[in-house]
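Just below is one structure, and these are the notes that go with it.
The values are calculated or read from the model by the stated rules, or taken from the named source; none is laboratory data. Treat the numbers as computed from the prediction; the structure is a model and nothing was measured. Note that we place each Cβ from the backbone using ideal geometry, even for glycine, and neighbour counts take in every protein chain shown.
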C-alpha cells in the first residue's frame, strides 16, 4: 500500500505521520522517541532567541520623553513609530541584563542545527527576489515565480533525510551511555545543550513571563513567526530545561523540523485488525511525506503514477495568513488551488482521496477571538462568523471542487482534524485505514 501525504508547508503532514507511527508501530516508536530531544530543545531555544531579538530592537529604539506613552496604546499587531516603542525606564536595566544572560543560547542554537544536519535555506518571500530557480503553485504547472538562488541565514531546522539525524542522535546516545559507565564520569558528558538550557532555565521563564516582554511579543506578532507549537514549548520551559528531560509523545507531535523534497517511510504495522488481509495491506505501507512549499512541489509529480491513496491536509485555520514563500498568496486559497490540481489529475484518477481539514482548534480560537472570516475570504459573504458555519462551508466547497473536477466519480472522504490531538487523530486514522483496505480488497474481488 502506497500513501502520499500532500499539502502546503506547515499543514500537518509530518505530524500525521508521527501519529501513525505512534498508533501502529509502538515498539519502533518507543526506540525513536528519545532522538527528538535535540529537535525539541532547538524549537524552544529558537523561540527564546526570536523573542530576545524583538526585545533587543525595542531596547535600542530611540527614547524620546516627549513621545512616551503606554506600551498598550498601539493596536494589535501594529507597531507604533520606533520613537514611541518605549520600555519603562525602571525595566530597561533588568531586561538588558536578562538579554545578556541568555546570550549563550545563540551558540547552542547554532550547534544544534549543525548536529541535526540543518543547513538549508529559510523559507523567504521569493516573489520579491530575483533568482534563477522556479516556484510552482502546483506540481503540474510551469514555473511562475522566481525563488532565491543565493543563501539566507536559516531560522528553522531543515533535514534532507528523515533517517540521518535520527541515526546520528541514536549513535550519540549510545556513545554517551558507554562513557557514563566509566568510573567518576558525568551523567551526560557531551550534552552541552542540556547544560546551557539548565543554566538558563530561570532566565528563560523570566523572559517569557515578563509582562513588558509579553506586550512586545503581542505587538510585534512574534508568535506568528514561530509557528503553532512555539507557545506550547515556552509554557513547558521548567519541564524541558532539566537534566533528566525525556520527550513525551505530545512533545514530539508538536516538534517541528522541516523536510525538503520527498521522504519515504516504510511502516511495518505492529498493530492491525483481523480483516481478511490476503495481500498484507494492513501490515506494510510505504508513506511518502513531501516538502510543501511552492519551491518543493515540482518534486511531487514522479510519485503520482502508482500511488494508492492521497492524504491531503488543508490547514483551514490559515484563512488569514499568507505563504511564507510568497506573501501575495493567501494560505487557504493556496490549499484550494492544490486540491483542485490533484482532483483533476488523470495520473491520480485511480487513487483514493482523503481530506483532513486540519488545525480546527486554531480556527476555533481565531473565530472566538473575533477575527472576521469575510475580511480575508470574500466568497464567505455575510454568513455567520462562527466555527460551525465556516467549517461546514469549507467542507462543502472542498467536496464541490472534487465532484466537479474528478476525471471519474469518486467518493468524498473529508474529516475535521487537529492532528496534534493524538487520541482523536488516531481514531480518525483507524477509520481511514480500514476504509482504504476494504476498498482495495473489494476492487480486487477479495470481498463482496
Checklist entry - Just to be sure, is residue 249 surrounded by fewer than 21 Cβ atoms within 10 Å (Cβ to Cβ), under 21 Å from residue 30 (Cα atoms), modelled with pLDDT of 95 or more and in contact with a helix residue (DSSP H, G or I) (Cβ under 9 Å, 6 or more places away or on another chain)? => result yes
Checklist entry - Would you call residue 355 under 20 Å from the mean Cα position of the chain (by Cα) and in a strand (DSSP E or B)? => result yes
Checklist entry - Is there a residue being outside any loop (DSSP other than H, G, I, E, B) and at pLDDT below 90 anywhere in the stretch 268-279? => result yes
Next on the checklist: Please go through the stretch 239-265 and give me each residue that is more than 11 Å from the chain's Cα centre (by Cα) and under 17 Å from residue 49 (Cα atoms), ordered by number.
Outcome noted: 240, 241
Checklist entry - residue 399 is checked against (1) in contact (Cβ under 8 Å) with a residue 40 or more places away in the chain; (2) touching a strand residue (DSSP E or B) at 6+ places or on another chain (Cβ under 9 Å) and fails just one. What number does that condition carry? => result (1)
Item to check | Unique match (being in contact with a strand residue (DSSP E or B) (Cβ under 9 Å, 6 or more places away or on another chain) and touching a residue at least 40 places away in the same chain (Cβ under 8 Å)) among 14, 35 | outcome: 14
Checklist entry - Regarding residue 340, is this residue surrounded by fewer than 18 Cβ atoms within 10 Å (Cβ to Cβ), over 19 Å from the mean Cα position of the chain (by Cα), assigned to a helix (DSSP H, G or I) and assigned by TED's automatic domain parsing to the domain that holds residue 392? => result yes
Next on the checklist: Return the residues of the stretch 367-376 that are in contact (Cβ under 8 Å) with a residue 24 or more places away in the chain and surrounded by fewer than 18 Cβ atoms within 10 Å (Cβ to Cβ); say none if nothing qualifies.
Outcome noted: 371, 375, 376
Next on the checklist: For the structure I just gave you, tell me whether residue 393 is within 20 Å of residue 7 (Cβ to Cβ), surrounded by 15 or more Cβ atoms within 10 Å (Cβ to Cβ) and without any contact (Cβ under 8 Å) to a residue 24 or more places away in the chain.
Outcome noted: yes
Checklist entry - When you look at residue 205, is it in contact with a helix residue (DSSP H, G or I) (Cβ under 6 Å, 6 or more places away or on another chain) and either farther than 24 Å from residue 31 by Cβ or crowded, with 18+ Cβ neighbours inside 10 Å (or both), yes or no? => result yes
